[in-house]
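Heads up, the thing below is written out as structure tokens.
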Amino acid sequence: MAHPITPLSPPLKDELDIVIPTIRNLDFLEMWRPFLQPYHLIIVQDGDPTKVINVPDGFDYELYNRNDVNRVLGPKASCISFKDSACRCFGFLVSKKKYIFTIDDDCFVAKDPSGKEINALAQHIQNLLTPSTPLFFNTLYDPYREGADFVRGYPFSLREGVSTAISHGLWLNIPDYDAPTQLVKPRERNTRYVDAVMTIPKGTLFPMCGMNLAFNRELIGPAMYFGLMGDGQPIGRYDDMWAGWCAKVICDHLNLGVKTGLPYIWHSKASNPFVNLKKEYKGIYWQEEIIPFFQSIVLSKECTTVQECYVELSKNVKEKLGSVDPYFQKLGDAMVTWIEAWEELNPPKEAAAAAEPKSVKKEEPSPKSK
Amino acid sequence: MVETSVAPTPLLKDELDIVIPTIRNLDFLEMWRPFFQPYHLIIVQDGDPSRVIKVPEGFDYELYNRNDINRILGPKASCISFKDSACRCFGYMVSKKKYIYTIDDDCFVAKDPSGKDINALEQHIRNLLCPATPFFFNTLYDPYRDGADFVRGYPFSLREGAPTAVSHGLWLNIPDYDAPTQLVKPRERNTRYVDAVMTIPKGTLFPMCGMNLAFDRELIGPAMYFGLMGDGQPIGRYDDMWAGWCTKVICDHLGLGVKTGLPYIWHSKASNPFVNLKKEYKGIYWQEELIPFFQSATLPKDCTTVQNCYIELSKQVKAKLGKVDEYFIKLADAMVTWIEAWDELNSTSDIPNGPAK
């Protein structure tokens, strides 16, 4: 199949930030260099802030460790997780770009069935820039893809689609399984390349994995809060899930689309299932309450912005999930703190000129080299 | 891709009928012989009943032409379309088997990316025999497939899945496009093999194509009425669509699953887009009313059988779509006639209906 000519300039080069949480190192970036070097990186360094994380030469970046997170947010830093990749959402908060691509540091470039290296970012951009079709299922999947279209029986009035807010990519090699599945099937690898992008229909929830994810920050950014996980919290490995359920409910309410499928990345590291089980344990039970909550929630018509939807969601979380565990009271409060922080760091464009300079400081100690 | 040892898919040769509508010939069956020959065929001959349709040697079959349909159904034959492949649903009604596979006579064996011939029927059987997952989307698609599973974050209480009522296959080569799309993109061919089976989530409608379709007759058969199309009717090429929307609403109500994706067949014939536009024309407009109707249709809790659901749906069709066009009043009546005929032919006392062979 013919591929489109590579554009002279990397698409959305000045409109997209790549957010990478890391506690180890950024060696994986070397493999991504051909695809990611034109873009600005936001590194969120988890764990010990005194550790020095080396960024490979030639990348333009800003790096935040825990001290930076505390400095930038002050008391509101309490909503940002510590010792959990959930801290990545701090990067979403401080970005000034329209789009975000976030990827884990154990995710590498995969190859498609023809042996060609997959430019995951280019595919995500393609996904975000073309409409979604959440209101009716197209059996040939993405109708805007080259060589495909809407099938017979697809209502014509729905063929304009809706704006795409989220592009959820997948993983070859180590699949994103929960701890019980990892314990039962330690050798299973995902070797199946499914050549499709599709929209997750309105009214349907899904498990959103943060390993290979892109979104339109202007459309859905404030909903991409990854919750309270890690150190001092009773749960882990539900950060992206939480963000995904909140984001999907809000997307459905605001008529925005969520896509899943291509691109694939190569997931190299299987996390320890025994450690994972400890983290997920409470979530296994809580999930059974959380899902019906998200499936039945209805946001009021007056909620017309993401922030309004999110704050309303947080009230519902406290009210309806508070009885499951006090954690959800804390989480409901943290959701509000997050929105307050978001509003502070992302004032409406008219107020931007008058905004306090205490927000993102790009000239901070973290060196940027290019 | 190396397949680990998987339990072989049961043949179900005495539990499945293959229903084929035809107005031309059945030459295509020759290519399918390795896969279809063990099965019983129900041929529904459309058009001129005096024409002789030859069935290739070695196939076990029953064949019905219009005279047979009239003889068997009497006045109720009015619900079965004439001069339209919608007549295929007569085959569903007279079948005595648990499962149906239906395929068009211009659909051939496709090859997968490795060059291997695809046994479409085997894949459909596999789809029907393992559960569907309509309540929550699994990002690795069919979790019951070899080499896949439910992903992190998928609620454990939903991992048993729901029984699968319908398996909707796809087509390589000539895609199933409507007339406007065919007119605008006459050269487009579907060359993309998407290696996935997935469940269409509860609450979501889809365009069900009857070219390569299988279903559990015991679970959903009575909903698979393909409407009033063809001769004497104001519309065509919406038969399978109509059945699909009714079926999906009922499946959602009864907690049954609908899958789409593999298997692929090779669709060889592009129908004439000018003829198609004439057939579809009214549908293009009516669809805009039909979809909101189906999207908002709710069935009462006391509808617990497919027949009850379907009768209720027919009442709603009459009440809410009757004002779109009188056709829908006729259609609603035909839906009731269909259920009456279904119950008559499929009563527990199992009256034999004298197949024509």
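Taking amide H as placed 1.01 Å from N in the peptide plane, B:ASN138 has no amide H partner under 5 Å among residues 5 or more places away or on another chain. For region A:252-307, just say rounded, prolate or oblate: build the C-alpha gyration tensor, square-root its eigenvalues into a ≥ b ≥ c, call rounded for a/c under 1.5, and beyond that prolate if a/b exceeds b/c, oblate if not. Taking the square roots of the gyration eigenvalues as a ≥ b ≥ c, region A:252-307 is oblate.
Between A:GLN329 and A:THR304, the distance separating the two model label sites (each 7 Å from Cα on the Cα→Cβ line) works out to 3.6 nm. Here the Karplus curve 6.51 cos²θ - 1.76 cosθ + 1.60, taken at θ = phi - 60°, turns the phi angles of region A:305-320 into couplings of 10, 4, 4, 4, 4, 5, 5, 4, 4, 5, 5, 5, 4, 5, 5, 9 Hz, with x standing for Gly and Pro. Placing a pseudo-label 7 Å from each Cα along the Cα-to-Cβ vector at B:PHE35 and A:LYS51 gives an inter-label distance of 5.3 nm. Using Cβ point charges alone (K and R +1, D and E -1), the dipole size of region A:5-63 about the Cα centre works out to roughly 140 debye. For the options B:ASP240, B:ASP14, B:ASP104, a Gaussian network treatment of chain B with springs between C-alpha atoms closer than 10 Å singles out B:ASP14 as fluctuating the most. Normalised by the number of residues in chain A, the mean separation of alpha-carbon contacts (under 8 Å, six or more apart) gives a relative contact order of 20 percent.
Rounded if a/c is under 1.5, else prolate if a/b is larger than b/c, else oblate: which is region A:264-342, with a ≥ b ≥ c the root eigenvalues of its Cα gyration tensor? Here region A:264-342 falls in the prolate category.
Basic side chains Lys and Arg get +1 at the Cβ, acidic Asp and Glu get -1 at the Cβ, and with that the dipole of region A:72-202 about its Cα centre reaches some 280 debye. Taking amide H as placed 1.01 Å from N in the peptide plane, B:ILE265 has its amide H under 5 Å from the amide H of B:LEU170, B:TRP171, B:LEU172, each at least 5 places away in sequence or on another chain. As a quick test, which of the pairs B:LYS202/B:LYS269; B:LYS279/B:LYS318; A:LYS185/A:LYS282; A:LYS98/A:LYS185 have an alpha carbon distance above 28 angstrom in this structure? Cα-Cα > 28 Å for B:LYS202/B:LYS269; A:LYS98/A:LYS185; rest within. Computed on region A:92-233, with alpha-carbon pairs under 8 angstrom and 6+ residues apart, the relative contact order is 37 percent. Between amide H atoms placed 1.01 Å from N, distances below 5 Å from B:VAL55 occur with no residue 5 or more places distant or on a separate chain.
Residues in region B:177-186 carry Karplus couplings, in order, of 9, 7, 4, x, 5, 4, 5, 7, 10, x Hz; the curve used is 6.51 cos²θ - 1.76 cosθ + 1.60 with θ = phi - 60°, and Gly or Pro positions show x. For the options A:VAL336, A:VAL298, A:VAL275, a Gaussian network treatment of chain A with springs between C-alpha atoms closer than 10 Å singles out A:VAL275 as fluctuating the most. Per-residue ellipticity at 222 nm from helix content only, as computed over chain B with -39500 (n - 2.57) for each DSSP H run of at least four residues, stands at -9500 deg cm²/dmol. Across the options A:GLY210, B:ALA341, B:ILE220, the greatest Cα extent toward the positive end of the charge dipole of the protein assembly as shown (unit charges at beta carbon of Lys, Arg, Asp, Glu) belongs to A:GLY210.
For the protein assembly as shown, what does the alpha-carbon gyration tensor say about shape, rounded, prolate or oblate, given a ≥ b ≥ c as the root eigenvalues, a/c under 1.5 as rounded, and a/b over b/c as prolate? Taking the square roots of the gyration eigenvalues as a ≥ b ≥ c, the protein assembly as shown is prolate.
Listed by chain and number, the lysines placed with their C-alpha closer than 16 angstrom to that of B:LYS320 are B:LYS330; residues fewer than eight positions away on the same chain are left out. Note on chain B: with a GNM built from Cα contacts shorter than 10 Å, the maximum mean-square fluctuation among B:GLY210, B:GLY153, B:GLY91 falls on B:GLY153. Take each residue of peptide B:206-218, count the partner chain Cβ atoms within 10 Å of its Cβ, and average: the result is 2.
The numbers here are math on the coordinates, done by the rules we state, and not lab data. Keep in mind that this is a model prediction, so the values were computed, not measured. So basically every Cβ, Gly included, is an ideal-geometry build from the backbone, and we count neighbours across all protein chains shown.
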